Amino acid sequence: MKEDETYDVTATEVFTCKAIVAVVSTSLYILYFQIEIIAAQIAIGFNIAIHNTSIYLDKLVCFRSLMFLIGLTSEYIFYKTLIAFSEGDQYFIRMKINQGVEAFGMGCFGGSIYALFPQHGTAIVLFAHLSRLLTFLIQFFLDLIFPHNPLAKIRCQFLFCSILTATAVGLLFYYDSTRCPTLVNEEKDQVSGDTNNGTNGDVSLKGNQKIRQPRDFIYTFGRTFSPFFMLSVGSLLFDIPFPGILPFSFLPREKCHMITMILPIANISGPVLLCSLETTDKFRQWEPEFNSGWILAIPMVVIFIYAFLAIHTRIPSAKAIRNSRPRVLSMTFTSAFCFSFLDPLSFAGVAKVIFLSEDFIGDVGVLMAHQFFCQTIRFIYLKIAVGYNVTRIGLGYKFPKFRPNHRMSKSNAFWYIFKNTFKKASKDTINDFRMSIKDYL
């Protein structure tokens, strides 16, 4: 009987730890993904000019990404500073001081959650994307309550975010009063105990357990190479066209609202499947089979190319995308579905290689580098999207006619768009600090 009681307590503690991380993850990433779901409401509520809608939404997404990047950088500098002035008590600093301070800046410190809770990587990704579904459900009921008042719906959405954030702040402090931090070490010991057959140059034996040897940054980076770059490639193919090109460049804003509302279904497909695999111990560690996730980038490449062809050419198959909600919906949904696998495979994969590998202990600096790299590269992609949309709209490639107002040859037009995309992106990055977003109201 006592054995059963011990098991029940342990199961309850594990559930409590995951539940806390789930709430924190939801509160963090609902701020990150919310704009994607209520984009049409923002455009209508703020009365954004139709030709400026793509630019305005891209700038909102960029500014949000910039704040996350600044928060991640500040957190890392803060952590390194404390370590420099502290000797031997790094764990205390990481789990007690740093965690509480981050809670007050939750909107800016989203990336550090993987460093704080690496053992819950899949749960973090799952509930990050479930925040999209939560936003969708809230928006669904708000559409029924305030059918013709978009500003009221926007206010209610952000009021809910404030309440959820306050709840997560309290749970973060409660987390340290539980046995959750000690359960991390127990899970690592279990991984070592399950792989006690055979040794290699990185492993020694102690009793029935492997003693995993720590490895340096270069070795760890090599082992995490595949999942490390999955998100950056997926982000290139998804963040640049969405939402400025797909769907808002091809449809009226009212039709786009339905598309952005159902995207959470695609967004949570990957995390739900991977979390199910982890629950059945099939995604407990990173295995070579998961490298096949790169196959999902192929349809994303096709959609990416066709989206640009639909804007700049008169190829019949590409031109048919314009003002066709079924085609735009299928393209946007498919791209989001594929990205929903690359995203969690990247974040959870890097964390699992570093902390749960059988034969070595990875350098945690790779995890921080991955977070910083992902936020930086996504910000760059989003800025490129802004620069491109400003350039193409200035040349007349805009809904509904996509009629260019220039007489340049195709090659000259290509190089003009290419150069001005990066020129406008660089200029817009500087303007972010001047809050030039008001120019598009």
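The values are calculated or read from the model by the stated rules, or taken from the named source; none is laboratory data. The structure presented is a predicted model; accordingly, all values stated were derived computationally and were not measured. Here the Cβ positions follow ideal geometry from the backbone for every residue, glycine too, while neighbour counts run over all protein chains shown.
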**Complete:** Subset of the range 130-148, residues surrounded by fewer than 17 Cβ atoms within 10 Å (Cβ to Cβ) and free of Cβ contacts under 8 Å to residues at least 24 places away in the same chain, comes to L137, F141, D143, L144, I145, F146, P147, H148
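Please give the helices (runs of 4 or more DSSP H) falling wholly within the range 79-198 in which 2 or more residues are of a type in the set (V, I, T) and at pLDDT 75 or above.
121-145, 150-175
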**Message:** Step by step: first the residues of the range 232-254, then only those that are closer than 17 Å to T421 by Cβ and β-branched (V, I, T), then the one that is surrounded by the fewest Cβ atoms within 10 Å (Cβ to Cβ). Which residue is that?
**Reply:** I240
**Message:** Condition first: under 11 Å from S357 (Cβ atoms) and in contact with a Phe, Trp or Tyr (Cβ under 7 Å, 6 or more places away or on another chain). Now tell me which residues in the range 215-228 satisfy that.
**Reply:** R215
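Looking at E278, E254, can you tell me which residue is touching a Lys or Arg at 6+ places or on another chain (Cβ under 8 Å), of a type outside the set (A, V, I, L, M, F, W, C), assigned to a helix (DSSP H, G or I) and modelled with pLDDT under 85? Please lay out each step first, then the result.
On the way: E254 fails: touching a Lys or Arg at 6+ places or on another chain (Cβ under 8 Å).
Of E278, E254, the one residue that is touching a Lys or Arg at 6+ places or on another chain (Cβ under 8 Å), of a type outside the set (A, V, I, L, M, F, W, C), assigned to a helix (DSSP H, G or I) and modelled with pLDDT under 85 is E278.
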**Prompt:** Could you give every pair whose Cβ atoms fall below 9 Å, whose first residue belongs to the range 220-237 and is under 21 Å from C62 (Cα atoms), and whose second residue is surrounded by 19 or more Cβ atoms within 10 Å (Cβ to Cβ) and acidic (D, E), counting only separations of at least 6 or pairs across chains?
**Reply:** M230/D343; L231/D343; G234/D343; S235/D343
**Selected residue (only one of I321, I298 is within 27 Å of P400 (Cα to Cα), among the hydrophobic types (A, V, I, L, M, F, W, C) and more than 16 Å from the chain's Cα centre (by Cα))** = I321
**Request:** Restricting attention to helices (runs of 4 or more DSSP H) lying wholly within the range 284-397, give those where 3 or more residues are hydrophobic (A, V, I, L, M, F, W, C) and either free of Cβ contacts under 8 Å to residues at least 40 places away in the same chain or buried (at least 18 other Cβ atoms within 10 Å of the Cβ) (or both).
**Result:** 297-312, 325-356, 364-394
**Fill in**
Residues of the range 213-231 being surrounded by fewer than 21 Cβ atoms within 10 Å (Cβ to Cβ) and part of a loop (DSSP other than H, G, I, E, B), in sequence order, are R215, D216
**Those residues of the range 403-430 which are part of a helix (DSSP H, G or I), closer than 14 Å to V390 by Cα and not aromatic (F, W, Y), in sequence order** = I417, K419, N420, T421, K423, K424, A425, S426, K427, D428, T429
**Message:** Given the condition modelled with pLDDT of 90 or more and either acidic (D, E) or more than 30 Å from T73 (Cβ to Cβ) (or both), answer yes or no: does some residue in the range 381-392 qualify?
**Reply:** yes
**Item:** Single unsatisfied condition, L395 versus (1) closer than 17 Å to G121 by Cα; (2) out of contact with any Gly (no Cβ under 8 Å at 6 or more places or on another chain); (3) not basic (K, R)
**Value:** (1)
**Item:** Hey, S330 touching a helix residue (DSSP H, G or I) at 6+ places or on another chain (Cβ under 6 Å) and of a type in the set (G, A, S) or not
**Value:** no
